[in-house]
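Below is one structure, written out as structure tokens, with a few remarks after it.
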Amino acid sequence: MAELIEEPFGEPLVSIIIPAYNAAAFIVRTLDSVQAQTHASLEIIVVDDGSTDNTRDLVLKVAIADARVRVISTANQGVAAARNKGVAEAAGSYIAFVDADDLWHPSKIQKQLALLRSLPEDWCGVYTLYHFIDLEDRIIGRGGSRAPGGYIYARHMSYKFIGNGSTLLLRREAIDSVGGYDPGYAAAKIGGCEDLDYELRLFARYKVAAVAERLVGYRMYDGNMSSDHSRMARSMTEAVERGIRLGPALSDYAKVSARAFVLGYKMIQMLISRRFGAAARCALTLTVQAPLVLLYRLASYAKLVSVKRRKRKQASAPGPLFRDMAAEPVPPPREQFWDRRRMRLLGEEDARLEASLFSHYASDR
């Protein structure tokens, strides 16, 4: 592990980890958005994960003009191993991750850091909301609007509030306490939900805060990791089942809710990949086991279809560029009737888990 840099009288150093594999089409734009952060005390570590294009050369050109940027080259091992390599080389007391095709609003790190530094050490980090963007950085839709804070383990397992790997800013101590991202997902050819697996391990032990603003541009296009729908469904199943098996002891209701979330996610992935028979089987199971979750997932699918239609229309009516969007607070969504009871019960579950967890820590001290 790199020696941590202490800056007691200056701005704290934030290490930015960017795993990159054949990212030449986007890496310069991603770096531009990171370099433009209003919090300037950064080290920017690009981990070139065995790229066969000119990703490394492009990063080296950027590094000539900005000493904060450096590149580390490794054999191709997947996004989890690349992030772990970046963390091992990082010197900052705070660490943030951004995928090599996503964008940040200039105020992202500053706002997250200000909030995190105001909180005690049992808060591991801060996440943000996000926009969907296309190949030309134009906004084609909005991610979720829910941004709860505190102890959210059970709710996150059923709602996945953090929708991508480019939103979290974390304390280094929290990262060290839970270990790295799990490269076993890539080894088993089910890469895609390493983020959720990692978040659940963090949130089993810590509280998390949120800046309820859309400060990330999450790119959607054919060919990125999340476009492999069958693999993503298998990856999600594995992450949630691990959370149920290895995390805090959940109630039967929370387990059923989490598994219904996964089944609904699988249904959407099957619909997108036009495997209608598999989607119908998921819907039938949900109708029997969790009909309200079925309604929630169908609403999510309708939103996704709307985003994809907007994407197809961009050529004739392009949306605004992500860089031109002002950062504004996002009001919480109006809860639909099928979600109110579920959110209330899972919130009560989180309160129970939190009381047990932190009373245990207090007795240890």
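The values are calculated or read from the model by the stated rules, or taken from the named source; none is laboratory data. Just so it is clear, the structure is predicted and the values come from calculations on it, not from any experiment. Because the Cβ atoms are built from the backbone with ideal geometry, glycine has one as well, and the counts that use them run over all protein chains shown. Accessible surface areas use protein heavy atoms only, side chains included; no ligands, DNA or RNA. Shrake-Rupley method; radii C 1.70, N 1.55, O 1.52, S 1.80 Å.
What's the number of the condition Ala233 fails, among (1) within 26 Å of Ala82 (Cβ to Cβ); (2) within 14 Å of the chain's Cα centre (by Cα)?
(2)
Within the stretch 192-205, which residues are buried (at least 21 other Cβ atoms within 10 Å of the Cβ) and among the small types (Gly, Ala, Ser)?
Gly192
Going by the structure shown, is Lys61 farther than 20 Å from Asp137 by Cα, without any contact (Cβ under 8 Å) to a residue 24 or more places away in the chain and not polar (S, T, N, Q)? Spell out how you get there, then give the answer.
Values: farther than 20 Å from Asp137 by Cα: yes; without any contact (Cβ under 8 Å) to a residue 24 or more places away in the chain: yes; not polar (S, T, N, Q): yes.
In short, yes.
Would you be able to tell me the number of residues in the stretch 72-114 that are more than 23 Å from Cys193 (Cα to Cα), open to solvent by 50 Å² or more (accessible area, probe 1.4 Å) and assigned to a helix (DSSP H, G or I)?
Of the residues in the stretch 72-114, 4 are more than 23 Å from Cys193 (Cα to Cα), open to solvent by 50 Å² or more (accessible area, probe 1.4 Å) and assigned to a helix (DSSP H, G or I).
Only residues that are open to solvent by 90 Å² or more (accessible area, probe 1.4 Å), over 11 Å from Leu129 (Cβ atoms) and among the charged types (D, E, K, R): list them for the stretch 328-344, please.
Arg334, Arg340, Arg341, Arg344 - these are the residues of the stretch 328-344 that are open to solvent by 90 Å² or more (accessible area, probe 1.4 Å), over 11 Å from Leu129 (Cβ atoms) and among the charged types (D, E, K, R).
Assess whether Ala188 counts as being within 25 Å of Gly217 (Cβ to Cβ) and open to solvent by 10 Å² or more (accessible area, probe 1.4 Å).
no
Within the stretch 248-289, can you find the residues that are assigned to a helix (DSSP H, G or I), at pLDDT below 85, open to solvent by 30 Å² or more (accessible area, probe 1.4 Å) and not aliphatic (A, V, I, L, M)?
Gln289, the sole residue that qualifies.
Restricting the search to the stretch 125-178, which residues are open to solvent by 30 Å² or more (accessible area, probe 1.4 Å) and either of a type in the set (S, T, N, Q) or farther than 24 Å from Tyr296 by Cα (or both)?
Matches in the stretch 125-178: Leu135, Glu136, Arg138, Ser145, Glu173, Asp176, Ser177.
If you go through the stretch 290-307, how many residues are open to solvent by 40 Å² or more (accessible area, probe 1.4 Å) and over 26 Å from Ile139 (Cα atoms)?
Here the count works out to 3.
So for the stretch 7-19 (the condition being within 21 Å of the chain's Cα centre (by Cα), more than 21 Å from Tyr198 (Cβ to Cβ), at pLDDT 95 or above and not in a helix (DSSP H, G or I)), does at least one residue qualify?
No, there is no match, as no residue in the stretch 7-19 is within 21 Å of the chain's Cα centre (by Cα), more than 21 Å from Tyr198 (Cβ to Cβ), at pLDDT 95 or above and not in a helix (DSSP H, G or I).
Does any residue of the stretch 299-314 turn out to be in a helix (DSSP H, G or I), out of contact with any Asp or Glu (no Cβ under 7 Å at 6 or more places or on another chain) and modelled with pLDDT of 90 or more?
no
Being at pLDDT 95 or above and over 16 Å from the mean Cα position of the chain (by Cα) is true for just one of Ala188, Ala154, Ala209. Which residue is that? Lay out the reasoning, then the answer.
Details: Ala188 fails: at pLDDT 95 or above; Ala209 fails: over 16 Å from the mean Cα position of the chain (by Cα).
None of the other options fit; the residue is Ala154.
May I ask you to say which residue of Thr38, Thr55 is at pLDDT 95 or above, among the hydroxyl-bearing types (Ser, Thr, Tyr) and open to solvent by 30 Å² or more (accessible area, probe 1.4 Å)?
Numbers: Thr55 fails: open to solvent by 30 Å² or more (accessible area, probe 1.4 Å).
So the residue among Thr38, Thr55 that is at pLDDT 95 or above, among the hydroxyl-bearing types (Ser, Thr, Tyr) and open to solvent by 30 Å² or more (accessible area, probe 1.4 Å) is Thr38.
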